[in-house]
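Scroll down for the structure; my scribbles are underneath it.
We did not get these values from a lab; they are worked out from the coordinates using the rules stated. Please read all numbers here as calculations on a predicted model, not as lab measurements. When we count neighbours, we look across all protein chains shown, and the Cβ atoms used for this are built from the backbone with ideal geometry, even at glycine.
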């Protein structure tokens, strides 16, 4: 059972069966000796919202069975109530009817409420969290967490040799040349780090890291962890930048980035031919660091794609709402719209990104921002799917022009461009067979 969060005058409710009724006041003017009636739209009646709220005892942080009595007493007031609707936001109105179902044995109560809005108003646009800016914030937090995790991993491996990790380094000199007075094991480990950093810096050397990228705003400290993670992050960013350049639709961008990042992980194990104990130890540590960096970059790339997809969808809405003919009757062809992701593509891309993030979480438990990235991407897709049109497949018995197909299934004629984009229709004037359309 899916429950939604709502409030009435500050009472936090967990509700389901959210039904909104929009009814018009239609005047019917009937005339003698005349069939039918002349109808007149007198405006919209008060909007009615019906839902069921639950109160039960299970030790969780929500209203209990005993609290529902206080809530019922509050509803006796004759003042206007404020309902915070999970989709439409704050609404003023009155509670028209209340029906209570109580079960003392289960210590649970169900309250059915019919809420009538005080005055009709336009439904505001749903305010979503900016997925790209939220992902950037989580990405930056993850950089600090990843450095802490790397220091901890290397410290555990070196046992007593911990202090040299914070040593300031010269960026023009190799790493192992700057460490003196450490154990032989530590020197061999640093030599391996040197090899891997050089290999990461050599990845896609013909590609320049974008100057306006988020990574350019992050300062990597001039020490062993900073040099190492800086090389990894820049290599991962270049790989994702090249992969996202193949413009084959937003869903394919995310898939391409994932493929190339996994290829980079495979190539990583060929960076060093050594198999000594320090080589095996640092290879395992840096493999985990690379996994986390790839997961963070893939999540950030997906957030950018989702944000661009929402902008394309809004632009497509504006195109569809524009008139096709000017005042003189001349046809004005609409501008080309970028393709948008359907629900299936959103779910598939989200599953791919969250799978990668889960792999990184399993590898390194200390990077909590990975959970934040997974959560905000999931929430964004969930919010978008509430609005985005569902796709259904219909079968046409006879060939029909695509505009008539739209008319037959209650779609505006200008949806024909979008339907063409999600189907292989060689001749729109003679559409036949199975066709995917948008359900309204």
Measure nothing fancy, just the Cα-based angle from helix 224-243's long axis to the longest principal axis of the chain, in degrees from 0 to 90, nearest 10. 50
At a 10 Å Cβ-Cβ cut-off, how would you order 87, 42, fewest neighbours first? 42, 87
Figure the gain on full extension for residue 331 and residue 5 (residue separation times 0.36 nm, minus the Cα-Cα span) and round it to one decimal in nm. 112.6 nm
Largest to smallest principal axis extent of the C-alpha atoms in segment 4-117, angstrom: 69, 28, 25
First measure r as the distance between the Cβ atoms of residue 319 and residue 88, then evaluate 1/(1 + (r/R0)^6) with R0 = 35 Å and state the FRET efficiency to the nearest 0.05. 0.85
Once label points are set 7 Å from the Cα along Cα→Cβ at both residue 201 and residue 424, what is their separation, rounded to one decimal in nm? 4.9
Pull out a ≥ b ≥ c, the square roots of the eigenvalues of the alpha-carbon gyration tensor of segment 250-296, then state rounded if a/c is under 1.5, prolate if not and a/b is larger than b/c, and oblate in the remaining case. oblate
Going fewest to most other Cβ atoms within 10 Å around each Cβ, 94, 294 line up as 94, 294
Quote to one decimal, in nm, the extra length available between residue 398 and residue 74 on full extension: 0.36 nm per residue of separation minus the C-alpha distance between them. 110.6 nm
Would you work out if the chain is rounded, prolate or oblate? Take a ≥ b ≥ c from the square roots of the eigenvalues of the alpha-carbon gyration tensor; rounded if a/c is under 1.5, else prolate when a/b is larger than b/c, oblate otherwise. oblate
Taking R0 as 51 Å, what FRET efficiency do you get between residue 66 and residue 262 from their Cβ-Cβ distance, rounded to the nearest 0.05? 0.40
Based on alpha-carbon centroids, what's the gap between segment 245-274 and segment 1-73 in Å, whole number please? 50
Sorted by mean Cβ packing within 10 Å, highest first, what order do the peptides 396-403, 356-363 take? 356-363, 396-403
Checking the a/c ratio against 1.5 first, then a/b against b/c, what shape does the Cα gyration tensor give for segment 390-439? rounded
Most exposed to least, judged by fewest other Cβ atoms within 10 Å, 308, 132 sort to 308, 132
Pairwise FRET efficiency - residue 156 versus residue 97, Cβ, R0 = 56 Å, nearest 0.05: 0.30
What value, in deg cm²/dmol to 500, does the helix sum -39500 (n - 2.57) over DSSP H runs of n ≥ 4 give at 222 nm once divided by the residues of the chain? -15000 deg cm²/dmol
